[in-house]
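The values are calculated or read from the model by the stated rules, or taken from the named source; none is laboratory data. Since the model is a prediction, treat every value here as computed from it, not as a measurement. Methodologically, a virtual Cβ is constructed for each residue, glycine included, from the backbone with ideal geometry; neighbour enumeration extends over all protein chains shown. For the accessible areas, the whole protein counts, side chains as well, though only heavy atoms, and no ligand, DNA or RNA atoms are used. Shrake-Rupley method; radii C 1.70, N 1.55, O 1.52, S 1.80 Å.
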Amino acid sequence: MIPLRLTPRLAVAATFAAFGLNAGAWAGASAAVVARVGVSATGFGLALTVMTVVYLAAMSSAGAIAARIGIRRTLLSSLLAMGPMLALLVSARNGLWLGIALALFGALVGLLDSAMNAEGSRVEQRSGKPIFVQFHAVASATTAAFALFGSYLAFRGLGWLIALVVEVGLLVVAVIVAKAIDEPQGEPRIGGIGAAPRVIDAGLAMLGLAIGVSIVCESSALAWSALLLRHDAPTLAAYAGAGAGLFAAFQAAMRFGIDRIRRAVSDRALMLVSYAVAALGLGLVAADLGFTASVLGFAILGVGTGAIVPCGFALAARRPGLSAGAAISAVSFFGLFPRAPAPLLTGFVADALSLSAAFFGLAVLMLIAMAGVGFLVPSPQRTSSRETLAPGGLAK
């Protein structure tokens, strides 16, 4: 039997997988937890908004934390703390408990998100191969696997078992990270994601907003799909995680094959098609045609969103007159604006009209983002598709 070689690449892939374990488990379990707590859609949206703000703040603070304790310790601290925090979250008994747990969970997820993206970028640069999107594909795959798992166990009242299984996975990943990740010497630390751009460019601003809208729709699929499916088909409540699961599975499939697609199609053209596909998926969800149609809509959304973030950052990195770092910083900055208010607005619309109406609004936002990219973002000269892609974060 050939022993497994613990390399930095394997450690980063394992860390992205751990990120997906948590995201999927919570996405699947969320509907059962919200139903048990009895919080309204607006209240849940407010808690998600607080979580999003804390998440983004943690991502921006990750550089300072890593500079103080090191990237390896930052990864290990996040991994070891996330299991107990997930246990606290799935065992919430009232709205205040849920809100506090979500905020703390968001802080840990944001810290891990930034640290693993930074380390993934470093591993890619050292390898000289475009492997970064594959790491995100791994995260999407484990999100898909654990969404249905979390949904079924939460429905059966086995939240403790969800947390236990995820905790075992996190401990295994922490051991791999401890053995395979070393501290970078003479390399820049993690940069904040929200640095204001020095030169405001309409194309970059639109690109950032459009990417932010895509991340909003990814996050909404994970946060709200189980609630929508549970409402549509109460008898299938145990399988309410199917929407998040199929979304993440099809997104993973898209990301695993994205390098081949990018060799044949320009990034801008692929983004435009992706927005149209994502809007179609969201429209199918909004049509409220039943459990199966909604699950199919979330799967189509996964296909549509799979390429938007990596292609968007690749477009930004090739903007003439700006360094790749400055352009990506600008895009990241503008991408923050749609993300913070989105959960609260979704919850408000869900209570005032319906959750299906909220997804219709997201479909319209996707079409607006597509139009913005089409009119304001120029198509750069074609370069090799084997360029380094900047980190874009999970859906998110």
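If each DSSP helix of 4+ residues adds -39,500 (n - 2.57) and the sum is divided by the residues in the chain, what number results at 222 nm, nearest 500 deg cm²/dmol?
Details: 15 runs with 305 residues, N = 396.
My calculation for the chain gives -26500 deg cm²/dmol from helical runs alone.
Largest first, please: the extent of the C-alpha atoms of the stretch 61-108 along each principal axis, to the nearest Å.
The Cα atoms of the stretch 61-108 stretch 37, 18, 9 Å along the principal axes, largest first.
So how do 294-300, 18-24 stack up, highest first, on mean other-Cβ count within 10 Å? Can you show the working numbers first?
Working: 294-300: 24.1, 18-24: 28.3.
Answer by packing, highest mean first, reads 18-24, 294-300.
Sticking with the crude label model, points 7 Å out along Cα→Cβ, report the distance from residue 172 to residue 103 in nm, one decimal please.
A separation of 3.5 nm, rounded to one decimal place.
Please give the charge dipole size of the chain, origin at the Cα centre, charges +1 on K and R Cβ atoms and -1 on D and E Cβ atoms. Round to the nearest 20 debye.
Working: 26 positive and 15 negative charges, 158 e Å.
In debye, rounded to 20, the chain gives about 760.
So, R0 is 25 Å and r is the distance between the beta-carbons of residue 269 and residue 129; what FRET efficiency does that work out to, to 0.05? Write down the numbers at each step before the final one.
Numbers: r = 24 Å, r/R0 = 0.96.
According to the calculation, E is roughly 0.55.
Once the stretch 39-188 is represented by equal point scatterers at the alpha-carbon sites, with solvent omitted, what log10 I(q)/I(0) does the Debye formula produce at q = 0.19 Å⁻¹?
After summing over all Cα pairs, the log10 values are -1.30.
Using all alpha carbons of the stretch 319-362, what is the percent of pairwise distances in each 10 Å bin, ordered from the shortest bin to the longest?
26, 30, 21, 17, 6
May I ask you to rank 160, 26 by accessible area, largest first, using a 1.4 Å probe over the protein chains only? Write down the numbers at each step before the final one.
Working: 160 160, 26 20 Å².
The residues order as 160, 26, largest area first.
Over all directions, the average projected area of the alpha-carbon convex hull for the chain comes to how many nm²?
On the way: hull surface 73.1 nm².
So the mean shadow area of the Cα hull is 18.3 nm².
Which is farthest toward the positive dipole end of the chain among 86, 32, 65, measuring Cα position about the Cα centre, with Cβ charges +1 (Lys, Arg) and -1 (Asp, Glu)?
Working it through, the farthest residue towards the positive pole turns out to be 65.
Determine, for each peptide in 365-374, 142-151, the mean count of other beta carbons within 10 angstrom over its residues, then list the peptides with the highest first. All intermediate terms of the calculation are to be shown ahead of the outcome.
Values: 365-374: 20.3, 142-151: 27.5.
So the order, starting with the most tightly packed, is 142-151, 365-374.
What does the extension gain come out to for residue 236 and residue 353, with contour length at 0.36 nm per residue minus their alpha carbon separation? Walk me through the numbers before you get to the answer.
Details: separation 117, 0.36 × 117 = 42.12 nm, distance 2.30 nm.
Residue separation times 0.36 nm, minus the Cα-Cα distance, leaves 39.8 nm.
Once you put a point 7 Å from the Cα of residue 160 and another 7 Å from the Cα of residue 5, both along the Cβ direction, what distance in nm separates them?
For the pair residue 160/residue 5, the computed spacing is 4.4 nm.
So how much slack lies between residue 376 and residue 94, counting 0.36 nm per residue of separation and subtracting their Cα-Cα distance, in nm? Spell out each step's value before the answer.
Values: separation 282, 0.36 × 282 = 101.52 nm, distance 4.59 nm.
Length difference between fully extended and current span is 96.9 nm.
By Kyte-Doolittle mean hydropathy of at least -0.5 and Cα axial length of at least 24 Å, which whole DSSP H helices of the chain are selected?
Working: long enough: 8-37 (41 Å, 1.13); 41-69 (39 Å, 1.49); 71-90 (28 Å, 1.47); 95-127 (46 Å, 0.65); 132-155 (35 Å, 1.30); 159-180 (32 Å, 2.35); 202-232 (41 Å, 1.26); 267-286 (28 Å, 1.58); 355-376 (31 Å, 2.32).
In the chain, the long hydrophobic H runs are 8-37, 41-69, 71-90, 95-127, 132-155, 159-180, 202-232, 267-286, 355-376.
Placing +1 on the Cβ of each Lys and Arg and -1 on the Cβ of each Asp and Glu in the stretch 237-305, which of 241, 286, 276 has its Cα farthest towards the positive end of the resulting dipole?
Highest projection toward the positive end goes to 276.
Of the peptides 88-94, 330-336, how do they stack up when ordered by the mean number of other Cβ atoms within 10 Å, highest first? Present the calculation step by step, with values, prior to reporting the outcome.
Values: 88-94: 18.1, 330-336: 24.3.
The peptides rank, most packed first, as 330-336, 88-94.
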